[in-house]
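No lab work stands behind these numbers, since they all come straight from the coordinates. Keep in mind the model is a prediction, meaning the values are calculated, not measured. FYI the Cβ positions are ideal-geometry reconstructions off the backbone, even for glycines, and counts take in every protein chain you see.
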Amino acid sequence: MTIPIIDCHTHIFPKEIRESRENYLVDEPAFNILYHSPKSKLCGAAELIQMMDEQEIQTSIVLGFPWKKKDTFQRHNDYLLESVMKYKGRLIGLCCFDLWNPHAADELERCLQAGLSGAGELAFYDDSFDQYAQSMLPQIMDICREKNVPMMLHTNEPVGHAYHGKTNMQLPHLYKLIQQFKQNTIILAHWGGGIFFYNLMKRDVKETLSNVYLDTAASPYLYDPSIYACAIQVFGSQKILFGSDYPLIKPKRYVQEMEQANLSQQDFIAICSDNARKLFNQ
């Protein structure tokens, strides 16, 4: 059976950034870490749509980058807005910015009013969860909660091999952040760094994580395919979103791993289609 697959985690960049990435490396340390090498691919909306047609993806959630400079994140968000309008029905966009920027909340308000559908992929690349939670993040979360839109947060596993963009993430800090904003709908990218395991605990955690979703972005690089069965058993297939992190990895590689994991048809449909449709009102 063919189902309308929704990819909840893709990245697109405006032409000027794709063609002149070197101009953004000095003043944007996070971008420098992730994209200093020409081998780190940057793609635009047209290329994404072509990939979606080839890989049989109906809709993609497009994400920008948490730029520190206001003019850069505004231009990137404008590109997301233009792309969402140009490919209406195929692309859904989330607004992105650096959380320390004093204009972050205003930018989120602007983008939601103009047609984007949430915030993300926001990131804590310097591992300052507590500081963020006490500064700009409450304003962002208040807006998302009032507008009933999700916030996607970059997370990574706290153990294992090192790679570009992996931070010294502490699960207690992440849990404390979720506790503070447990009325918000939060998407934890990259399987939430494994925090879903603690949903097995008898007290508190299930309630705290009740509005949390996990996405599968970068899973083939990080985990054995059996993670799908583990996460479904512990967290439930209704709380998992398929995300490819394209152009890092193409969607069909994930589908192959889900087939290797022997997902039921019901779980596959939930992860690859139904959960995202409900979350993004599709």
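General remarks:
- Loop chymotrypsin sites (Phe, Trp or Tyr not before Pro), segment 156-246 (other Cβ atoms within 10 Å of the site Cβ: 16 or fewer; DSSP): Tyr163
- Cysteine residues of the chain whose C-beta has no other cysteine C-beta under 4.7 angstrom: Cys8, Cys43, Cys96, Cys144, Cys230, Cys272.
- Within segment 111-224: Cβ-based charge dipole about Cα centre, in debye rounded to nearest 20 (Lys, Arg +1; Asp, Glu -1): 300 debye
- Cα gyration tensor shape of the chain, rounded if a/c is under 1.5, else prolate or oblate by comparing a/b with b/c: rounded
- Approximate spin-label separation Asn211-Val234, in nm, with each point projected 7 Å along Cα-to-Cβ: 2.3 nm
- Unit charges at the beta carbon, dipole of the chain: most positive-side option, Ser40, Val212, Met136: Val212
- Counting only Cβ charges, +1 for Lys and Arg and -1 for Asp and Glu, the dipole size of the chain around its Cα centre is about 340 debye.
- Pairs of alpha carbons in segment 36-117 whose separation is greater than 18 Å (percent): 44 percent
- Gyration tensor verdict on segment 57-215 (Cα atoms; rounded if a/c is under 1.5, prolate if a/b is larger than b/c, oblate otherwise): prolate
- Estimated purely from DSSP H runs of n ≥ 4, each contributing -39500 (n - 2.57), the mean residue ellipticity at 222 nm for the chain is -11000 deg cm²/dmol once divided by its residues.
- With at most 12 neighbouring Cβ atoms within 10 Å, loop trypsin sites (Lys or Arg not before Pro) (DSSP) excluded, longest segment of the chain: 40-201
- Computed label-point distance, nm, for sites Gln266 and Lys278 using a 7 Å Cα→Cβ extension: 1.3 nm
- Computed extension gain for Asn23 through Asp204, at 0.36 nm per residue and net of the alpha carbon distance, reaches 60.5 nm.
- Using a cutoff of 8 angstrom between alpha carbon atoms and counting only pairs six or more residues apart, the relative contact order for the chain works out to 18 percent.
- Chain lengthening between Ser135 and Asp78 when straightened (0.36 nm per residue, less Cα-Cα): 18.0 nm
- Gyration tensor verdict on segment 140-280 (Cα atoms; rounded if a/c is under 1.5, prolate if a/b is larger than b/c, oblate otherwise): rounded
- When only alpha carbons are used to place a centre, segment 84-98 and segment 168-188 end up 25 Å from one another.
- Of Lys70/Lys278; Lys147/Lys252; Lys202/Lys252; Lys68/Lys182; Lys39/Lys68, pairs whose Cα-Cα distance is over 29 Å: Lys70/Lys278; Lys147/Lys252; Lys202/Lys252
- Dimensionless Rg/Rh of segment 1-54 - Kirkwood Rh, Rg from C-alpha atoms: 1.09
- Inter-site label distance for Ser226 and His161 at 7 Å from Cα along Cβ, in nm: 1.9 nm
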